[in-house]
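Q: Provided herewith is a single structure, encoded as structure tokens, for subsequent inquiry.
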Amino acid sequence: MKKALKTGLAAIVAASAMVSLAACGGSSSGSDSSSDGQKTVGFVAVGPEGGFRTANENDIKKAFKDAGFNLVYSPTQNNDQQKQIQAFNKFVNDEVDAIILSSTEDTGWDDSLKKAAEAEIPVFTVDRNVEVKDATAKKAIVSHIGPSNEWAGEQAAERIAKDFPNGANGFILEGPAGLSVVKDRGTGWSNKVASNIKVLESQSANWSTDEAKTVTAGLLDKYKSQNPQFIFAQNDEMGIGAAQAVDAAGLKGKVKIVTIDGTEAALKAVVAGDLDYVIEYNPIFGKETAQAVKDKLDGKTPKADIQIDSKTFDAAAAKKALDSGERAY
């Protein structure tokens, strides 16, 4: 009721301003949702993080523009959740029509989501899920849109089992601790990993190529007596860094590296033999997100979980994809 009253008051104020502008010979740009009916959607985004993130956020921005929404993009920096929370709360205070949330952390959102629920602002999580305990906060989330991180982790485990039917030792390079994507990719791996595949150590390389190169070099030296034969890197950038360390150690072709995301750089690395296998985590789901928001604002009920299909690439599939010129990232 409060939101309805505020919205009505805002419309009256906007109408008065329009009359005043007309009397003075002014004009309206037509970008204000209160004057032309355009819906405003706040996008609480991660911002620069790598090839996947760039492709994903650009696709979302384009899809919402094409769908006629006024999308307000608010990225954070260095995975700063507090800046994301501030942006989210500002969107609530500004009474946007909907909020898209791509979270840096999967917890800590209860209070903000509760405010959104009380303001009757629907929230759509993309890419990363969030863990919510408060019952009112849970009501704010309408849909989650994105590929399955567990599926991606399962594909990695199955590929390593295929590469090494007699068993092997290796490492896992993880993303930053505390992210649902990291836990879900790890869960997928655990679901399918063969009993004769031994993980000597798991370490975070924070999605970074340079950090992964350093971490991998240390692990290869630490465990050289145990003949490491595989590395599962939870994203392409870390996999490419691991490949640099493997090459420097003279182990190219002897240590197989599997990664997740499916960026152009990773596909090229597969073709070159630096990576063994790439599991796509498809970033192109802007249209699905915009449609879910539109459906909700039109009074329809979108699916609670909208899963985006992804692919896998060995060297032959990667070359075919690159040669097609159809990859969007």
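The values are calculated or read from the model by the stated rules, or taken from the named source; none is laboratory data. On a predicted model such as this, the values are computed, not experimentally measured, just so you know. Ideal geometry is used to build each Cβ from the backbone, glycine not excepted, and the neighbour counts take in all protein chains shown. Just the protein is used for accessible areas: all its heavy atoms, side chains included, with ligands, DNA and RNA removed. Shrake-Rupley method; radii C 1.70, N 1.55, O 1.52, S 1.80 Å.
Q: Carbon-plus-sulfur fraction of the accessible area of the stretch 252-329, 1.4 Å probe, in percent?
A: Accessible surface attributable to carbon and sulfur in the stretch 252-329 totals 46 percent.
Q: Right, something else. Do the sum for the chain: with -39,500 (n - 2.57) for every DSSP H run of n ≥ 4, divided by all residues, what is the mean residue ellipticity at 222 nm, to the nearest 500 deg cm²/dmol?
A: -14500 deg cm²/dmol
Q: In degrees from 0 to 90, rounded to the nearest 10, what is the angle of the helix 180-192 Cα long axis to the longest principal axis of the chain?
A: 40 degrees
Q: Pop a pseudo-label 7 angstrom from the Cα along the beta-carbon direction at both T187 and K138 and give the gap in nm to one decimal.
A: 1.5 nm
Q: Next question, about the same structure. With angles folded into 0 to 90 degrees, how steeply does helix 81-93 sit against the dominant principal axis of the chain? Use alpha carbons for both and round to 10.
A: 20 degrees
Q: Still on this model: Report the extension gain between S195 and D66 in nm, rounded to one decimal, defined as 0.36 nm multiplied by the number of residues separating them, less their alpha carbon distance.
A: Working it through step by step, the gained length comes to 41.6 nm.
Q: Could I ask something else about it? Taking every DSSP beta bridge with both residues inside the chain, roughly what % is antiparallel (nearest 5)?
A: Within the chain, antiparallel bridges account for around 5 percent of the total.
Q: Continuing with this model, one more query. Where does the stretch 176-239 land on the Kirkwood hydrodynamic radius, alpha-carbon pairs, in angstrom?
A: Evaluated over the stretch 176-239, this radius sits at 12.7 Å.
Q: Report ³J(HN,Hα) in whole Hz for each residue of the stretch 121-126, in order, from the Karplus equation J = 6.51 cos²θ - 1.76 cosθ + 1.60 where θ = phi - 60°; Gly and Pro get x.
A: The phi angles translate into 9, x, 10, 10, 8, 10 Hz.
Q: Using a 1.4 Å probe on the protein heavy atoms, what percent of the accessible area of the stretch 86-178 belongs to carbon and sulfur?
A: Carbon with sulfur: 42 percent of the solvent-accessible area.
Q: Before I look further, what does the chain give for accessible area per residue, probe 1.4 Å, in whole square angstrom?
A: 48 Å²
Q: Here is a follow-up. Take the Cα gyration tensor of the chain, multiply each eigenvalue by 5, square-root it, and list the three semi-axes largest first, rounded to whole angstrom.
A: Semi-axes from the Cα gyration tensor: 45, 20, 16 Å.
Q: Could you pull out the trypsin sites (Lys or Arg not before Pro) across the stretch 109-192 that fall in loop regions by DSSP (anything but H, G, I, E, B) with no more than 11 other Cβ atoms inside 10 Å?
A: Of the trypsin sites (Lys or Arg not before Pro), the ones in loops of the stretch 109-192 whose Cβ has at most 11 other Cβ atoms within 10 Å are K133.
Q: Quick one: which of 49-59, 238-248 comes out on top by average Cβ neighbours within 10 Å, and what's the full order, highest first?
A: Ranking the peptides 49-59, 238-248 by packing returns 238-248, 49-59.
Q: Could you list the square roots of 5 times each eigenvalue of the Cα gyration tensor of the stretch 162-313, that is, the equivalent ellipsoid semi-axes, sorted largest first and rounded to whole Å?
A: Semi-axis lengths for the stretch 162-313 are 33, 16, 14 Å.
Q: Right, something else. Under 16 Å from a point 7 Å along the Cα-to-Cβ line of K224: which residues of the stretch 244-276 have their amide N that close?
A: Under cut-off, by backbone N: 245-252, 254-255.
Q: I'd like the accessible area for W151: 1.4 Å probe, protein heavy atoms, all chains in place, Å² to the nearest 10.
A: 80 Å²
Q: Three principal axis extents, largest first, for the C-alpha atoms of the stretch 92-136, in Å?
A: 24, 20, 13
Q: Right, here's the next one. In degrees from 0 to 90, rounded to the nearest 10, what is the angle of the helix 2-23 Cα long axis to the longest principal axis of the chain?
A: Compared with the principal axis, the helix lies near 70 degrees.
Q: With N set to the number of residues, divide the alpha-carbon radius of gyration of the stretch 274-329 by 2.2 N^0.38 Å and report two decimals.
A: Dividing the Cα radius of gyration by 2.2 N^0.38 Å gives 1.55.
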